[in-house]
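Read the structure below first, then the notes.
The values are calculated or read from the model by the stated rules, or taken from the named source; none is laboratory data. Everything numeric here is computed off the predicted structure, so don't read it as measured data. Neighbour counts are summed over all protein chains in view; Cβ atoms, including those assigned to glycine, are modelled from backbone coordinates with ideal geometry. For the accessible areas, the whole protein counts, side chains as well, though only heavy atoms, and no ligand, DNA or RNA atoms are used. Shrake-Rupley method; radii C 1.70, N 1.55, O 1.52, S 1.80 Å.
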Amino acid sequence: MAIAVFFIAAAVAILGGVGVVSFHQPIRSVLSLVLVMLALSVIFLLLGAQFVFAVQIIVYAGAVMVLFLFVIALLGPARELGRGRLRYQGWASAVFVLVLLGLMWTMLQGVQYRQPDKTDLNFFGTVQSIAVGLFTTYLYPFELTSILLLVAAIGAIYLSRKRIDESEGGPAEGLRPSAGVGGNLPPHQT
Amino acid sequence: MADDKKDEDKPRQPSVAQDVGALLTGLKTTLSETFRPVVTTMYPEDKTPRSERYRGRHYLRRYENGLERCIGCELCAAACPVGCILVIAAENTDENRVSPGERYAKTYEINMLRCIFCGYCEEACPVQAIVLGPEYELSDTSREKFIYTKEKLLEPLPPDVQARLDSKDKT
Amino acid sequence: MGVEALAESLGQNILTTTLGKLIGWGRGNSVWPLQFGLACCAIEMIHTATASVDIARFGSEAMRASPRQADMMIVSGRVSQKMAPILRTIYDQMPEPKWVISMGACASTGGVFNNYALLQGVDKIVPVDVYVPGCPPRPEDLLNALMILQERIKAQGITPRQ
Amino acid sequence: MSTLNIGGSQLDASWFLLLSAVLFGLGAIGVLVRRNPLVILISIELMLNAANLTLVAFARQLENIEGQLFALMSMTVAAAEAVVGLAILVDIFRVRDAEDIDDLSELRG
Amino acid sequence: MISDNLILERGVSAGDAWIAVAPENVHMALGALKEEGYRLLVFLTCVDHLADSSGQFPARFEVVYELRNMETRELIRVRAFIDGDPPRIDSVHDLFPPANWDERETFDMFGVVFAGHPDLTRILMPDDWVGHPLRRDFPVGGEVVEFSEEHETWQTAPEKA
Amino acid sequence: MTQIYNDPIGHWVVVVVAMALLLFVVLTATAYTVWFERVALGRIQRRPGPNRVGPYGLLQLAADGVKLAFKESFIPEKTDRIIYVLAPTIGVAAAFLAWTVIPIGLWGDLQYWIADVNVGILIIFAVSSLNVYAIVLGGYASNNKYSLLGGLRSAAQLVSYEMALGLALVPTFMIVGSLRLRDIAGFTVSWGPYHGPIPLILLTPLGFIIYLISATAETNRTPFDLPEAEQELIGGFLTEYSGLKFTMYYLAEYLNVITVSTLAVLLFFGGWYLWIVPPVIAFLLKVVLVVFLYIWLRGTFPRLRYDMLMRLGWKFLLPLAIANVVVTAIILVAVT
Amino acid sequence: MTTEIGQGITVTKTGEQGAFGGELLTINFGPHHPSTHGVLRLIVDLDGEQVRRLKPVIGYLHTGIEKQAEALRWQQVVVVTDRHDYLSPPFNNLSYALAVEKLLGVEVPPRANALRVIMCELTRISSHLVWLGTSGIELGASTMLMYCFRERDTILDMNEEISGFRMHTSYIRPGGVMADATPRFLELLDRFCNQMPGNIDEYEALLTMNPIFRSRTIGIGRLPAEDAKVLGATGPMLRGSGVPWDLRKSMPYSGYESYDFEVATSDLCDCYGRYLVRIKEMRESVKILRQALDGLPDGPVNIDDRKVLPPPREELETSMEAVIHHFKLFTEGYTVPAGDAYAAVESGRGENGCYVVSDGTHKPRRVKFRSASFVNLQPLERMAMNHMVADMVAIIGTADAVLGDVDR
């Protein structure tokens, strides 16, 4: 049963991964990535990582990818037009990736895996066990990531802030009220 | 609001408690309405009575002896702001007496779809022949059906006259 | 849409007539209006939707603002020459099957305003199923028209207006 | 090779690693081939996901919760990265249409 | 008080005071009246005196301005007679902002051109409309009322000019 | 019963039967929620609501369904057809998935569930967070500015309020000490002579209020129905949808209403425990009451403006929820 | 780049840069949009959700009423006056009747005046109720509509009782009124006067202090008093800006000087202020109705002039002269002395005036309706500038423009 679930999820994940790379509209790439994430979350569940599963969907699929979607919808459907600047860039990168994978393969050849004992899945990967880890041993890195998030939020707000210099000097040319009744009056405090 | 205008007109920022209170007042209002009886008229089973002056479907009236009231004077057509009444008069003869006066309406048509039910025809009629009755369910599916001819507009004959005519037909 | 084509290919048999009855029943009892409120009649049309008359009893209170979800257009009021093309556009945006009620004298014929500015009858640009005379008609009159339309829809079955 | 006992069936741990590697490779190809900066960001997210899978798989295999903790942290980092990256992109797109990553090679706006 | 040389004629019609001014002086006269306290332009319209039997009007079009003094609660009607094709008169939208739409409407309905108006386009009729509907020589239009027999029809067209 | 459940094949039989049953029950419940809303809104407005199609108008929704199913299905030109069709499906799927972990008390000690996961509530959050996709994609694929605006508004709204929604429930978890819905519903206390389940709203009233507000926002209900604000955006992301696809959105919306109401009952009103009333009746009664609460809100309040909505979410509800967590933690520590 | 999308709405990308960085988006609101009060069309330039430019386009309900009036006889024109501001027919009737009466030089009897006041005040309430209900639904409070129209229905029933028709009563005519009030009408009016204040309390309970409603309306669509005056706004728009100008008090007509009522004003100059003014006006109208009902004078309801109004029915049977008058009146109508006259009344929306020009024949030479909506719609751009789209809806709502009145 679990094997079937794993293979279905893995197939979906790989298909999604191919989709991310090959779709020409960014919105389809995003949706493919969501598919990958959902498939991976199923695999996390297989691996007994319940909390990571929930976080994967809530944070990754539910928030981060929505942000991507938001940006794409906001910017409008942009299509990728140009080819790569290098000739044969696609082939070159494929070769590069294959080499990378081959390297990993050879490196991992001699590694001896440890046969796991009977893991107590009633505790392993539950919210409690994660919490114990996060709030005792790894409290420091946990807090650091919190600070990182804060910094990222501030940075994003700074980047997308309203350009104050433009908006405070009165409406720019072309933003003035059209010739009409309202246009004849002195500007008023609103 | 009516009493302390001065206070209300100044836009004070109400406290959170007042805000919550206002929200609860609103909820209370709607809830109390929920448990009061509905105000709906259950048309078509149930119809509210129309007022005596209601301006609905037109009727051409008759006298009690069965004669038509209309004398074909065309005042209604002249008074109509829409021009949706067509009257063509003809002379009464002794053999064919339709109305008590000299003339009667040979053709009397109203285009009900154009009619705006202003009641001017009723006001104009010197013999109270055309009246606007209380019926209002006039919807129909084609334009032609809205040209009400004299047959459609005329009141049915009084029962005794009808009975007399029926007996005449039989013989 | 597919249902009509299917019905035609199957011809008249028990299945299609039963299905036709069911579809007619569904369509007839769930006529969602698109309010094309233009003038005086629009106010009486709103009255029809409110508590004193309550069109909701007939399942027609889902007055969707988008023509895509509407089944019936209630043209209520005077259609000016300037408005006529827009009315037609919105009619075209409604998905089939669709019906039109022409409410009031002005929408049906122009009424008292027999002049240059008004379209003398909305049936010149869209097919009208039920006319409601009156200026404006009573809310009950509109309900009556809705009931006439419902009967018509139920009788039409699968393939309305061929 | 070691096997994991999941719901009564035996699953080889290396399968998870293999899936992870494939996904990582796809992500890497995406980063290298695609020209749209948005898609490149998406591909980076894909690679991060693949890494997470490895972490969670090893956590299970080694019966050590730390792998999952690390996956959580990397998710946080990914979220932060996505937020800042998108903010930069939106800022750039406001100034000009950047359909190709090479258009963004200059730092001056 | 507005200087008398601007006023061609003054009178009272059905209890409403009015003055007539020369069309070229309209802007000046209305400006003077505004200074006097008549700050509200109640309405602005035009009357087409085509084929008027009395023959008391010097020109075909009469542009009417109704002004109100909101302090003294007085009304005054200013009339200016213009002719020409198209008839022209100065715009007063700079004195009275509400005149903007009123002038557009008058242009639309009567074809009176208001010189100096910022956006003198049709406002009520479609942009491609030909003619100015409220002129007396523009037919009322409309259709014959349907009856089951073709008999009389309702004639709305005015008496021939 | 438990025997079948522990059997590997019997387990799947039970699950499949339960799922089929769930599909039927939940779909029917959704239809009657729509009916209930129309009638209840009618009562608030002092009119009868649908009452002519079938007894008490009970068949109204069947008629609507038949009509919508056989309505012309329209796909706008120059758009991503796949995404356009996919979007409503995501909505319905996400709405249904939440029901896999919701338990219902049936009779006595007998309870119904499909999956009894110990992170049950997190799963509900997870799948309901996918609902955003339905709305954003629908708005994006409709090729209509109003739809897009509605979709974007909605995305921002849903993401924002998810925070407050999650945090509002944290005190509940802290008190109960579990994320399993059955544990929360059956939270038992021993207060003096009383020993038994209590409605948790007594312990976290503030949590309930925050939950109520954010859940209303999450389900796009008035006064938070900005994505489909008819008066501004025609119908938001729904503008271009017709026929069956529109039905799916409609279904998903009301399914979500039932889901959040059920969740409110499980989390704050003691689930199916109500004195001696049979659990299933008690449960139904409570859910209906909470649904009525939503309709009541809809019938009473005007709609918020977009920036007010964001301000309420971020500047008021979120700090309040955090404060609620902190205060509850302090009290818990003090008590134990 | 222009794309045609649903609802006859076109979207144009102007390519201009908004202050927020994004492009200015030109959206075409209407002419068939749920919140544009019928057929108003707005061309709006949006920067994000903020309104940067707004141009109302009107004329989608142009009916040719003024032309039609020239083609009808003096007494027939009453019928078309009903229909331009379709939410307040008696006001339109009254302004026309007053203008014609001015030209005729007649004065209606006191009972007719009192009945005119009753009809007008009833209509003011019903018109404000429509405004309140539709504003409510524009802000998302659908129940408001139901409650307001419930009361409006009772007013329409009273209209039907006195005139035989719900909306277009044609009740007020030159020379008097259509017919005397029936006892049942007075009874209904009495009941209405007793119930209405309670109903207004209910509306206020739902809106006045509601924080959502307040934040949606306070500070939105500001129109300072000076601007309001300059732009020619009248009615609640002007009084909502704190200018106590009400024709009923300032330039009384139809015996309004004898009633005791207050002119509702508000210094807030925003949507909320206009809301308060209208609510207060409803209360004052109930007060006037109560006074008019209690002090309803006896006597005729029409002037005694056979040249203008038809003789009573009874006379037709007895008097040949009456029959001749009757025929002449309905075939030719009456003539009105040459001249022009302007009469204005305070309708629910502001100054509803009528300017009539007579050339001495039996048809008017020119009938011009001075509509409050037409003038009040012009400050819209000014009020909506830099507000959000949702606010624009609220602002259109409080301008309370009836498009039939705007376009005529």
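Just a few scattered comments:
- Those residues of the stretch A:59-74 which are aromatic (Phe, Trp, Tyr), open to solvent by less than 10 Å² (accessible area, probe 1.4 Å) and more than 12 Å from the chain's Cα centre (by Cα), in sequence order: none
- Pairing each residue of the stretch G:298-309 that is free of Cβ contacts under 8 Å to residues at least 60 places away in the same chain with any residue that is in a loop (DSSP other than H, G, I, E, B), provided the two are 6+ apart or on different chains, yields C-beta distances under 9 Å for G:Asp304/G:Pro109; G:Lys307/G:Tyr334; G:Lys307/G:Thr335.
- Listed by position, the helices (runs of 4 or more DSSP H) enclosed by the stretch G:313-408 that each have at least 3 residues that are at the interface with another protein chain (Cβ under 9 Å from one of its Cβ atoms), more than 30 Å from G:Ile279 (Cβ to Cβ) and more than 18 Å from the chain's Cα centre (by Cα) are G:320-331.
- Selection within the stretch E:13-27 - of a type outside the set (D, E, K, R), surrounded by fewer than 16 Cβ atoms within 10 Å (Cβ to Cβ) and modelled with pLDDT of 85 or more: E:Ala17, E:Ala22
- Selection status of A:Val99, surrounded by 18 or more Cβ atoms within 10 Å (Cβ to Cβ), modelled with pLDDT of 85 or more and not in a loop (DSSP other than H, G, I, E, B): no
- Residue within the stretch G:153-173 that is open to solvent by 30 Å² or more (accessible area, probe 1.4 Å), under 30 Å from G:Gln76 (Cβ atoms), part of a loop (DSSP other than H, G, I, E, B) and acidic (Asp, Glu) present: no
- Checked against (1) open to solvent by 30 Å² or more (accessible area, probe 1.4 Å); (2) touching a strand residue (DSSP E or B) at 6+ places or on another chain (Cβ under 6 Å), B:Val127 passes all but a single condition, namely (2).
Let's see how each residue does on (1) open to solvent by 10 Å² or more (accessible area, probe 1.4 Å); (2) of a type in the set (S, T, N, Q); (3) not assigned by TED's automatic domain parsing to the domain that holds G:Leu98:
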| position | (1), (2), (3) |
| --- | --- |
| G:Leu296 | yes, no, no |
| G:Gly339 | yes, no, no |
| G:Gly350 | no, no, no |
| G:Tyr355 | no, no, no |
| G:His362 | yes, no, no |
| G:His387 | yes, no, yes |
| G:Val393 | no, no, yes |
| G:Ile396 | no, no, yes |
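- Strands (runs of 3 or more DSSP E) completely within the stretch E:1-66 that count 2 or more residues being under 23 Å from E:Arg104 (Cα atoms) and more than 9 Å from chain G (Cβ to nearest Cβ): E:16-21
Quick grid of which residues meet (1) assigned to a helix (DSSP H, G or I); (2) more than 8 Å from chain C (Cβ to nearest Cβ):
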residue	(1), (2)
F:Leu61	yes, yes
F:Asp64	yes, no
F:Lys67	yes, no
F:Lys71	no, no
F:Phe74	no, no
F:Pro88	yes, yes
F:Leu97	yes, yes
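- Conditions (1) aromatic (Phe, Trp, Tyr); (2) at the interface with another protein chain (Cβ under 9 Å from one of its Cβ atoms); (3) surrounded by fewer than 23 Cβ atoms within 10 Å (Cβ to Cβ): number failed by B:Tyr63: (2)
- Across the stretch C:25-36, the number of residues qualifying as more than 12 Å from chain F (Cβ to nearest Cβ) and either within 20 Å of F:Arg52 (Cα to Cα) or surrounded by fewer than 24 Cβ atoms within 10 Å (Cβ to Cβ) (or both) comes to 1.
- Selection within the stretch C:39-68 - among the charged types (D, E, K, R), surrounded by 23 or more Cβ atoms within 10 Å (Cβ to Cβ) and in a helix (DSSP H, G or I): C:Glu44, C:Arg68
- Subset of the stretch G:176-208 (residues that are without any contact (Cβ under 8 Å) to a residue 60 or more places away in the chain and not in a helix (DSSP H, G or I)): G:Met178, G:Thr182
- Looking across the stretch B:39-58 at every residue that is open to solvent by less than 50 Å² (accessible area, probe 1.4 Å) and more than 10 Å from chain G (Cβ to nearest Cβ), the one that is farthest from F:Trp296 (Cα to Cα) is identified as B:His58.
- In summary, helices (runs of 4 or more DSSP H) completely within the stretch C:69-162 and bearing 3 or more residues that are open to solvent by 10 Å² or more (accessible area, probe 1.4 Å), under 19 Å from C:Gly37 (Cβ atoms) and away from chain E (no Cβ under 14 Å) occur at C:84-93.
Matching residues to (1) in contact with a Leu (Cβ under 6 Å, 6 or more places away or on another chain); (2) touching a residue at least 40 places away in the same chain (Cβ under 8 Å); (3) within 10 Å of another protein chain (Cβ to nearest Cβ); (4) part of a helix (DSSP H, G or I):
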site	(1), (2), (3), (4)
G:His62	yes, yes, yes, no
G:Gln68	no, no, yes, yes
G:Ala99	no, yes, yes, yes
G:Lys102	no, yes, yes, yes
G:Val117	no, yes, no, yes
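- When residues of the stretch A:1-58 are limited to those that are among the polar types (S, T, N, Q) and more than 27 Å from A:Ala131 (Cα to Cα), the one surrounded by the fewest Cβ atoms within 10 Å (Cβ to Cβ): A:Ser22
- Given (1) more than 22 Å from D:Gln10 (Cβ to Cβ); (2) within 11 Å of the chain's Cα centre (by Cα); (3) at the interface with chain A (Cβ under 7 Å from one of its Cβ atoms), number of the condition D:Leu86 does not satisfy: (2)
- Among the candidates G:Val80, G:Val117, residue that is assigned by TED's automatic domain parsing to the domain that holds G:Thr361, at pLDDT below 90 and among the β-branched types (Val, Ile, Thr): G:Val80
- Restricting F:Gly166, F:Gly105 to residues that are at pLDDT below 80, open to solvent by less than 30 Å² (accessible area, probe 1.4 Å) and over 17 Å from A:Met65 (Cβ atoms) narrows the list to F:Gly105.
- Candidates F:Tyr140, F:Tyr161, F:Tyr146, filtered to the one that is more than 7 Å from chain A (Cβ to nearest Cβ) and either open to solvent by 10 Å² or more (accessible area, probe 1.4 Å) or within 22 Å of F:Val85 (Cα to Cα) (or both): F:Tyr146
- Residue that is least open to solvent (accessible area, probe 1.4 Å) [pool: residues in the stretch E:67-92 that are farther than 23 Å from G:Val367 by Cα and either part of a loop (DSSP other than H, G, I, E, B) or in contact with a helix residue (DSSP H, G or I) (Cβ under 6 Å, 6 or more places away or on another chain) (or both)]: E:Met70
- Residue identified as in a loop (DSSP other than H, G, I, E, B), in contact (Cβ under 8 Å) with a residue 12 or more places away in the chain and open to solvent by less than 10 Å² (accessible area, probe 1.4 Å) among G:Ser254, G:Ser241: G:Ser241
- Residue within the stretch G:304-312 that is more than 14 Å from chain B (Cβ to nearest Cβ), aliphatic (A, V, I, L, M) and part of a loop (DSSP other than H, G, I, E, B) present: no
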